[in-house]
Amino acid sequence: MKEILEELKKDEESINTLEGLDEFKVKYTGKKGLITELSINMKSIPNEEKKEYGMKLNELKQEYNRFYEEKKSLLEKAIIDAKLESERIDVTLPSTSIPTGSPSILESVVEDIEEFMMSMGYDVVDGPEVESDKYNFELLNVYKGHPARDAQDTFYVEGDEYLLRSQTSPVQARTMIAKGGNEPIRMICPGKTYRRDNDDATHSHQFTQIEGLVVDKNISLSDLKGTFEVLMKHLFGNDVEVRLRPSFYPFTEPSVELDVSCFSCQGKGCNICKNTGWITICGAGIVHPNVLKMCGYDPSIWTGFAFGFGAERVAMLKYGVEDLRVFYNTDLREMPSFDRKEKDND
Ligand code: DAH
C-alpha cells in the first residue's frame, strides 16, 4: 500500500489536463483500479490483520479523494481563467458607432398636436383613407360639377364613386353623422391624404392633414382664432401672433386662411415668410349651414368651426426642413440631425 501511495503522489503531480485526471481516476478507482483491487483483497486478509488493513486502505482512499478534488478544482479554475483571458475586452479601444433610429419628426409633430388638443378636451378620431364621393365631397357641400373638385386632383379607385380621400374633411361629416345631431363635438383627425400632385420639395402625392371640428352652441370666429392662437404659440413660441384673411371653401361660410407671424424674423421679413412677415398655415371657417344640415345638425341651434392644415408643412417650418421628401425616406443619416435641432430649440 505504501508503494501505491507513493505512485499516487507522483501521478497526481504529473496530471495537467482534465483527460489526465480521468485516466487517474480509472487507474485507481475504476473496475480494475488499484484501490478497487485492494478493497476486493480485503476478503482474503486474515481476520487479525483486517483492522489494520482496513485503516490503511481508508487512509489511502482519503488521500486519493483529496488529490482528486484538489486537482479537479485547480484544473477547472485554470480553464475558466484561460477563457476569461482569451475573451478579455479592451474597454480602451475606440468603438465602432452603431447607427440608431429615432422617432420620425413628422410623427412627433402630429403626436405633439394630438396631445395638446386632447388637453383642451378634443377627441382624436380616425377615418378611412379609401373614401366615397359622398363623404369626401357631397356632404361637404361640394356637389358634382363644383369647381372646387378640380382644385383637388383626386385619385379615383373605382369608377367615380370611390377615391383616396383628398382631404381629412370627410371625417367631419362622419363624426357629425355618428353623433346623431344632438351632441357637441370637439375633435381632430390627423391622417393620410392623397392628391395627383407631382412630387417635389413641397408637394407629395401622399401627405398628412390634420382636420379640426368644433360644433356647439354660439361658436364664432373668435373661438376659432383663439384656438388657433394657443396651438400656434404651443408650436412656435409665445411671441407669435395670428391673423385671419378672407378665403373660400365650400364647406365653410365665412371661410378664412389662418396665418401665423413669422417666428424666425418676428415679422420683419425673411426668406421663410417670403418677406411678408406672415406664414399661412391653415384653411378654416365657420361650418356651412348646408354641411350641418346634411350631417344631421340643425343650423338654427348649432354652429361650429372647422380647420385643416398640412402636418408636413408645420414640421418643415418647425425644424427648418427644406424638402418634405425626407419625411418619407428612411435614411438614418437624415433623422438624427433633426433630433439635435429639436434639442437646440428647447
Ligand atoms: N380641406 C381643406 C384642404 O384640403 C382644408 C380645410 C379648409 C379644412 C377649411 C377645413 C376647413 O376643415 O374648414 O385644403
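Connecting C-alpha atoms closer than 10 Å in a GNM of the chain, tell me which of 94, 147, 184 has the biggest fluctuation. Ranking 94, 147, 184 by mean-square fluctuation puts 94 first. The modelled label-to-label distance between residue 19 and residue 124, using points 7 Å beyond Cα along the C-beta direction, is 6.5 nm. If you take the Cα centroid of the stretch 257-302 and the Cα centroid of the stretch 210-243, the two points sit 9 Å apart. Residues 199, 11 ordered from highest to lowest accessible area at a 1.4 Å probe: 199, 11.
Spin-label model, residue 77 to residue 49: label points 7 Å out along the Cα-to-beta-carbon direction sit 4.1 nm apart. Averaging sequence separations of C-alpha pairs under 8 Å and six or more residues apart, then dividing by the length of the chain, give the relative contact order as a whole percent. Across the chain, relative contact order equals 15 percent. Shown is the FRET efficiency for residue 196 and residue 234, computed with R0 = 41 Å from the Cβ-Cβ distance and rounded to the nearest 0.05: 0.75. Percent of accessible area on the stretch 2-86 owned by carbon and sulfur, 1.4 Å probe? Looking at the stretch 2-86 in its full context, I get 55 percent from C and S. Sorting 12, 138 by accessible area puts them as 138, 12; the probe is 1.4 Å, largest comes first, and only protein heavy atoms count. With the convex hull of the Cα atoms taken as the outline of the stretch 136-223, the averaged projected area works out to 7.3 nm². Altogether, the Stokes-Einstein calculation at 4 °C and 1.567 mPa s, with the Kirkwood radius of the stretch 105-345 over Cα pairs as Rh, returns a diffusion coefficient of 70 µm²/s. From the alpha carbon centroid of the stretch 16-35 to that of the stretch 87-147 is 71 Å. Per-residue surface analysis assigns residue 326 an accessible area of about 20 Å², computed on protein heavy atoms at 1.4 Å probe radius.
In the chain, taking the dipole from charged Cβ atoms about the Cα centre, the farthest positive-side position among 36, 310, 57 is held by 57. Rounded to the nearest 0.05, what FRET efficiency do residue 58 and residue 37 give with R0 = 22 Å and r taken as the Cβ-Cβ distance? Could you check? Once the sixth-power term is evaluated, E becomes 0.90.
The per residue volume of the convex hull around the alpha-carbon atoms of the stretch 1-133 is 371 Å³.
If r is the Cβ-Cβ distance from residue 248 to residue 329 and R0 is 30 Å, what FRET efficiency results, to the nearest 0.05?
About 0.25, to the nearest 0.05.
Modelled label positions at residue 275 and residue 29, each set 7 Å beyond Cα in the direction of Cβ, lie 9.8 nm from each other.
So what's the back-of-envelope 222 nm ellipticity for the chain, counting only DSSP H runs of four-plus at -39500 (n - 2.57) apiece and dividing by all residues, rounded to 500?
After summing the helix terms and dividing by residue count, I get -13500 deg cm²/dmol.
For 313, 243, the ranking by accessible surface with the largest value first comes to 313, 243, using a 1.4 Å probe. Counting only alpha carbon atoms, the long axis of helix 2-14 and the longest principal axis of the chain meet at about 30°.
The values are calculated or read from the model by the stated rules, or taken from the named source; none is laboratory data. Please read all numbers here as calculations on a predicted model, not as lab measurements. Quick reminder, even Gly has a Cβ in these numbers, built from the backbone with ideal geometry, and neighbours come from all protein chains shown. Just the protein is used for accessible areas: all its heavy atoms, side chains included, with ligands, DNA and RNA removed. Shrake-Rupley method; radii C 1.70, N 1.55, O 1.52, S 1.80 Å.
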